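In what follows, a single structure is set out as structure tokens and then discussed.
The values are calculated or read from the model by the stated rules, or taken from the named source; none is laboratory data. Given the structure is predicted, the values throughout are model-derived calculations rather than measurements. Using ideal geometry, Cβ is built from the backbone for each residue, glycine included, and neighbour counts are taken over all protein chains shown.
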Amino acid sequence: MSRRVAYFFEHRVGNFHYGPGHPMKPHRLTLTHNLVVNYGLWKHMKVFRPRPATKDELQQFHADDYVDFLLRVTPDNAHQFAHQFARFNVGDDCPVFDGLGNFCSLYAGGSIEGARKLNTGDFDICVNWSGGLHHAKKFEASGFCFVNDINLAIIELLRSEVSPFLNENCSQEEIFSLSRE
Ligand SMILES: [Zn+2]
């Protein structure tokens, strides 16, 4: 039996730059997508353009003040936020760049929607090659990663009726203690 595969790509995700000399290059996402198109892989998958994650969705895992920071800080207003850089581990590895908040929302949106599509049972496999930025912590950036789309997707998966260990009354702490087990 062939597997039903969903593929998520938002073309704007390839337009962001971490800055000159930075090894993380979102443009590679565009190159990868071009391979998907030109090799005809898209014919074997259902292609979705995910909507960006909302602030509320990002806050399902991340601290409110950290998400607020990510969505508001820009290179132009960075001086107003400089006192928070050390606390949020923003700097060389995880720099403030133009569109940082949009980038986070775009790549996380694909992972969250992928998890939802798995939950409905309409697809067996969901692909979001823009995501996987798993180093980001609840309160801070780490290893080129600002928002942890993997954890956000796991939170969605835990909402599924097939998930044996979640009900509506679970707190965030309980979800994570369960998901660590
Ligand atoms: Zn990382």
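Taken over the range 155-179, the criterion of being of a type in the set (Val, Ile, Thr), within 26 Å of residue 69 (Cβ to Cβ) and at pLDDT below 95 is satisfied by 175 alone.
Among the residues of the range 69-90, are any in a loop (DSSP other than H, G, I, E, B) and within 16 Å of the chain's Cα centre (by Cα)? Reasoning before the result, please.
Residues of the range 69-90 that are in a loop (DSSP other than H, G, I, E, B), as a first pass: 73-77, 85-90.
Now restrict to residues that are within 16 Å of the chain's Cα centre (by Cα): none.
Looking through the range 69-90, none of the residues is in a loop (DSSP other than H, G, I, E, B) and within 16 Å of the chain's Cα centre (by Cα).
With the requirement that a residue be surrounded by fewer than 18 Cβ atoms within 10 Å (Cβ to Cβ) and farther than 19 Å from residue 144 by Cα, what does the range 1-31 give you? Those that are surrounded by fewer than 18 Cβ atoms within 10 Å (Cβ to Cβ) and farther than 19 Å from residue 144 by Cα: 1, 2, 3, 4, 5, 11, 31. Considering the conditions (1) outside any loop (DSSP other than H, G, I, E, B); (2) closer than 21 Å to residue 20 by Cβ; (3) out of contact with any helix residue (DSSP H, G or I) (no Cβ under 9 Å at 6 or more places or on another chain), residue 103 is excluded by exactly one of them, (3). The set of residues in the range 40-67 being out of contact with any Gly (no Cβ under 9 Å at 6 or more places or on another chain), over 16 Å from residue 129 (Cα atoms) and outside any helix (DSSP H, G or I) consists of 40, 59, 60, 61, 62, 63.
Of 111, 130, which residue is part of a helix (DSSP H, G or I), modelled with pLDDT of 95 or more, in contact with a strand residue (DSSP E or B) (Cβ under 9 Å, 6 or more places away or on another chain) and within 15 Å of the ligand (Cβ to nearest atom)? Give the derivation first.
Values: 130 fails: part of a helix (DSSP H, G or I).
So the residue among 111, 130 that is part of a helix (DSSP H, G or I), modelled with pLDDT of 95 or more, in contact with a strand residue (DSSP E or B) (Cβ under 9 Å, 6 or more places away or on another chain) and within 15 Å of the ligand (Cβ to nearest atom) is 111.
For the subset of the range 58-84 comprising residues that are touching a helix residue (DSSP H, G or I) at 6+ places or on another chain (Cβ under 8 Å) and of a type in the set (Phe, Trp, Tyr), which member is surrounded by the fewest Cβ atoms within 10 Å (Cβ to Cβ)? Checking each candidate, the answer is 81. Can you name every residue in the range 137-161 that is touching a residue at least 24 places away in the same chain (Cβ under 8 Å) and aliphatic (A, V, I, L, M)? Correct list: 141, 147, 150, 152, 153, 154, 155, 157.
The residue list 2, 111, 105 contains one member that is among the hydroxyl-bearing types (Ser, Thr, Tyr) and in contact with a Pro (Cβ under 6 Å, 6 or more places away or on another chain), which is 105. Could you tell me which residue of the range 134-163 is farthest from the ligand (Cβ to nearest atom), considering only residues that are within 24 Å of residue 27 (Cα to Cα), touching a helix residue (DSSP H, G or I) at 6+ places or on another chain (Cβ under 6 Å) and in a loop (DSSP other than H, G, I, E, B)? In this case the residue turns out to be 147. Within the range 12-32, the set of residues being closer than 12 Å to residue 128 by Cα and in contact with a helix residue (DSSP H, G or I) (Cβ under 7 Å, 6 or more places away or on another chain) comprises 13, 29.
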